[in-house]
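The next block holds one structure in the form of structure tokens; read it before the comments.
The values are calculated or read from the model by the stated rules, or taken from the named source; none is laboratory data. Keep in mind the model is a prediction, meaning the values are calculated, not measured. With ideal geometry, Cβ positions are generated from the backbone for all residues, glycine too; neighbour counts draw on all protein chains shown. Heads up: the accessible areas ignore ligands, DNA and RNA and are worked out on the full protein's heavy atoms, side chains in. Shrake-Rupley method; radii C 1.70, N 1.55, O 1.52, S 1.80 Å.
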Amino acid sequence: MAIRPVRDERTPYSVLLYRKNRTLRLAEIGFFLTGLLVVLPLFENLRSVSFMLTVLGWGGVVMGMVPAIWRVWKRPRYVLYEDRLVIHWGRRRDEVPLHQVKPTYDLPNQYDIRGKKQALLVTDPFLEDLAAQLELNKRGLKRRGS
């Protein structure tokens, strides 16, 4: 009998808008600064309203565009089983036993995975299922219906 996943989730765009990992944050900063450096020579007065509106507009475009590109390019997917968490990032697949996953309590989506702090780009129901499964494993119990 094959073990069915507890939860299987592809990261939605809305989650990428407000939950970011280090790489996604750096990509946003890089795109923003690149655009700012391109636009900077076009304005003589950096305190002008048009410059400020351009910077704010570019910031909005970057914050909306980078997560969409990231979702299409990396196709993040998380699969939770009773004994492991499988993380798919593009062509990379990482399988982590749940005994190596611990919450860090910094942010709700931050976990210590194999000794490294990592942001899980998943929805709140996935995080609830993960916390419940970690607690069940810690107590040595099985999930109902398994």
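Key figures
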quantity: Inter-residue pairs, beta-carbon under 7 Å, first over 15 Å from residue 14 (Cβ atoms) and in segment 120-135, second acidic (Asp, Glu) and surrounded by 13 or more Cβ atoms within 10 Å (Cβ to Cβ), 6+ apart; calculated: 133/82
quantity: Members of segment 1-24 found to be open to solvent by 90 Å² or more (accessible area, probe 1.4 Å) and modelled with pLDDT of 95 or more, listed by number; calculated: 10
quantity: Any hit, segment 27-37, residues being open to solvent by 40 Å² or more (accessible area, probe 1.4 Å) and within 30 Å of residue 132 (Cα to Cα); calculated: no
quantity: Residue count, segment 120-142 (criterion: in contact with a strand residue (DSSP E or B) (Cβ under 7 Å, 6 or more places away or on another chain) and closer than 17 Å to residue 20 by Cα); calculated: 4
quantity: Residue ranges of strands (runs of 3 or more DSSP E) in segment 60-125 with at least 1 members buried (at least 17 other Cβ atoms within 10 Å of the Cβ); calculated: 77-80, 84-89, 101-103, 110-113, 116-119
quantity: Residue check for residue 72: of a type in the set (A, V, I, L, M, F, W, C) and in contact with a His (Cβ under 9 Å, 6 or more places away or on another chain); calculated: no
